[in-house]
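Quick notes on the structure that follows.
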Ligand code: NAP
């Protein structure tokens, strides 16, 4: 299936291009980016031109930051293309609902991807927790923003989500694996002086679930989720890629996840298009919106890249 990749920046180069090139099912037929391109691939700087000139490309995969993404998604859907959205699926919940309605009207697939849900241990964690009662869960997601978003000032602009940009990955796993949903009950958000989005956040949820997100963490990067039930203690390390139950490492079962998170996303997109389905789950983003609504704000030291 031919795909056009839009927004050739960090994640397009790091993950999307290698995943597409490694797959027999996909053909990177065009790129749309104001500055970026991919060697050997037809490049356009304007999505209207690409959509008009390449009716043979049925799928558009959008790798832009969330704020500019909606306009591109709307154009692609109106042009009858299947659309794949990077996470988070939009800058607001309502704009993603609008895209869902457009996709339904056009009879095309909309896939709001959550790459962390494709991490190697997530499906087995979900299977182990199914039917159990969670007594406590804790997320610790601490990384260095300078390492993962070098110079990307958009993360601190309105709609950039700040530390929720990585934090929403943890929430995408949590909302996937918990057997019962939880809701946010309180939050403290730490805004660097003069910035529009938080650099750290502490969240409390119903059911003794908590999350600590911090983007100022320069040591070993930590992406851990611990879930306790009367049957035992489950830990997902390394962003969901290692699973331990009661301290013992669990070998992950063969499946699309073993190929990597982005190859698994593209395999899922091929299935969705093939079956005429969409997949849009806003649960992780609802928790972020709730934290922004309910959170107490504290000002911390200014941040510069
Ligand atoms: P990025 O490199 O800063 O931006 C991607 C590209 O989007 C840019 O190179 C730029 O291409 C285009 N773009 C940026 N602002 C634009 C605007 N206002 N209008 C039109 N195009 C614009 O960002 P990224 O790190 O790849 O992240 C993109 C998305 O992927 C985000 O939603 C992020 O959460 C997600 N993601 C990122 C990572 C990561 O490690 N960075 C990991 C997983 C997911 P042109 O200037 O060439 O048009």
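Values quoted throughout were computed directly from the atomic coordinates according to the rules given, and no laboratory measurement underlies them. Everything numeric in this text was worked out from a predicted model, so none of it was measured. Every residue, glycine as well, gets a Cβ built from its backbone with ideal geometry; the counts of neighbours run over all protein chains shown.
Taking the beta-carbon count within 10 Å as an exposure proxy, list 32, 108 from fewest neighbours to most. Present the calculation step by step, with values, prior to reporting the outcome.
On the way: 32 27, 108 22.
Fewest-to-most Cβ neighbours within 10 Å comes out as 108, 32.
Using only Cα atoms and rounding to the nearest 10 degrees, what angle (0 to 90) does helix 261-275 make with the longest principal axis of the chain?
60 degrees
Just round it to a whole percent: the fraction of Cα-Cα distances in the chain exceeding 33 Å.
On the way: 11254 of 46360 pairs.
Across the chain, Cα pairs with separations above 33 Å total 24 percent.
For region 42-90, take the convex hull of the Cα atoms, compute a quarter of its surface area, and give me that in nm², please.
About 3.2 nm², averaged over all directions.
For 164, 156, which order do you get if you count the other beta carbons within 10 Å of each Cβ and list the fewest first? Could the numbers behind the result be given before it?
Numbers: 164 28, 156 25.
Sorted ascending by nearby Cβ count, the order is 156, 164.
Taking the 0 to 90 degree range and rounding to the nearest ten, how far is the long axis of helix 93-106 tilted relative to the main principal axis of the chain, both from C-alpha atoms?
40 degrees
Nearest 10 degrees is fine. How inclined is helix 283-294 to the longest principal axis of the chain, computing both from alpha carbons?
Computed tilt is about 60 degrees.
Out of the DSSP beta bridges found with both residues in the chain, what percent are antiparallel (nearest 5)?
Values: 32 of 62 bridges.
Taking every DSSP beta bridge with both residues in the chain, the antiparallel ones total about 50 percent.
Out of all Cα-Cα pairs in region 1-73, roughly what percent, to the nearest whole number, are more than 18 Å apart?
Numbers: 787 of 2628 pairs.
Value for region 1-73: 30 percent of Cα pairs lie more than 18 Å apart.
Multiply the residue separation of residue 140 and residue 56 by 0.36 nm, subtract the distance between their alpha-carbon atoms, and state the gained length in nm to one decimal. All intermediate terms of the calculation are to be shown ahead of the outcome.
On the way: separation 84, 0.36 × 84 = 30.24 nm, distance 4.47 nm.
Extending this stretch completely gives an extra 25.8 nm.
What does a probe at residue 212 reach in region 150-189, counting residues whose amide N is under 19 Å from the point 7 Å along Cα→Cβ?
Hits in region 150-189 for residue 212 at 19 Å: 163-171, 174, 185-189.
How far apart, in nm, are the 7 Å Cα→Cβ label points at residue 133 and residue 296?
3.1 nm
Based on the Cβ-Cβ distance from residue 249 to residue 48, what FRET efficiency comes out when R0 is 35 Å, to the nearest 0.05?
Values: r = 51 Å, r/R0 = 1.45.
Efficiency, from the Cβ-Cβ distance: 0.10.
Using a ≥ b ≥ c from the Cα gyration tensor of region 180-305 (square roots of the eigenvalues), is it rounded, prolate or oblate, where a/c under 1.5 gives rounded and otherwise the larger of a/b and b/c decides, a/b for prolate? Intermediate results must be reported in sequence, preceding the final value.
Details: a/c = 1.70, a/b = 1.42, b/c = 1.20.
Verdict is prolate for region 180-305.
Per residue, what volume in Å³ does the convex hull of the Cα atoms of region 26-121 enclose? Could you put the intermediate results ahead of the total?
Working: hull volume 11.3 nm³, N = 96.
With only Cα atoms used, region 26-121 gives 118 Å³ per residue.
Based on the alpha carbons, how large is the Rg to Rh ratio for region 100-204 when Rh follows Kirkwood? Write down the numbers at each step before the final one.
Details: Rg = 16.6 Å, Rh = 16.2 Å.
With Rg and the Kirkwood Rh in hand, the quotient comes to 1.03.
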